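> Mind having a look at this structure? Questions to follow.
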Amino acid sequence: MSDESQIEIPPSFLELYLAPGRQKPSLPRAELAERYELCEDMAQMLTETARQMEFSLGITETDVLTRCLLGLRVEPAVVSDAESTWVITRLAELLNWPAP
């Protein structure tokens, strides 16, 4: 069994690739796992940055999340708009902040 088949992709991420009324994602399993790992890694890496922004800039958690979202969407974007929203939601979850 390969490592990629052992990756559990959360339903919230799978939903990004499900067309309305469909049950099968629009990406192959391997590509979907790669996209998920990229987005999860981004959320994990942003945790310290977000904490530092809140402290050093004296801004609210919501403002931090908004700035991070805007940063993820700067061209050339590494993630799609839907993925960037997922990353920020996951970031809020990791920090125990209210979801945006």
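The values are calculated or read from the model by the stated rules, or taken from the named source; none is laboratory data. Treat the numbers as computed from the prediction; the structure is a model and nothing was measured. Counting neighbours? That spans all protein chains shown, and the Cβs are built from the backbone with ideal geometry, glycine included. All accessible areas refer to the heavy atoms of the entire protein, side chains included, with ligands and DNA or RNA removed. Shrake-Rupley method; radii C 1.70, N 1.55, O 1.52, S 1.80 Å.
> Based on DSSP H runs of at least 4 residues, each adding -39500 (n - 2.57), what is the mean residue ellipticity at 222 nm of the chain after dividing by all its residues, to the nearest 500 deg cm²/dmol?
-19500 deg cm²/dmol
> Could you sort 72-81, 30-39 so that the peptide with the highest average Cβ count within 10 Å comes first and the rest follow in order?
Values: 72-81: 11.9, 30-39: 16.8.
Packing order, densest peptide first, comes out as 30-39, 72-81.
> Now, a different point. With every atom except the alpha carbons ignored, what do you get for Rg and Dmax of the chain, in angstroms?
Taking only Cα atoms of the chain, I get Rg and Dmax of 14.7, 48 Å.
> Next up: Counting heavy atoms of the protein chains only and a 1.4 Å probe, report the per residue accessible area for the chain as a whole number of Å².
Value returned for the chain: 66 Å² of accessible area per residue.
> For the chain, find the longest principal axis of its Cα atoms and tell me its angle to the long axis of helix 81-95, 0 to 90°, nearest 10.
60 degrees
> Express the carbon and sulfur contribution to the solvent-accessible surface of the range 10-100 as a percent, rounded to the nearest whole number, probe 1.4 angstrom.
56 percent
> Moving on to the next point. Hey, got the dipole for the chain? About the Cα centre, +1 on K and R Cβ, -1 on D and E Cβ, debye to the nearest 20?
Numbers: 8 positive and 17 negative charges, 59 e Å.
Here the chain has a charge dipole of around 280 debye.
> Moving to a separate point now. In whole percent, what relative contact order does the chain give with Cα contacts below 8 Å and a gap of six or more residues? Before the final figure, lay out each step's value.
Values: 72 pairs, mean separation 26.8, N = 100.
So the answer I get is 27 percent.
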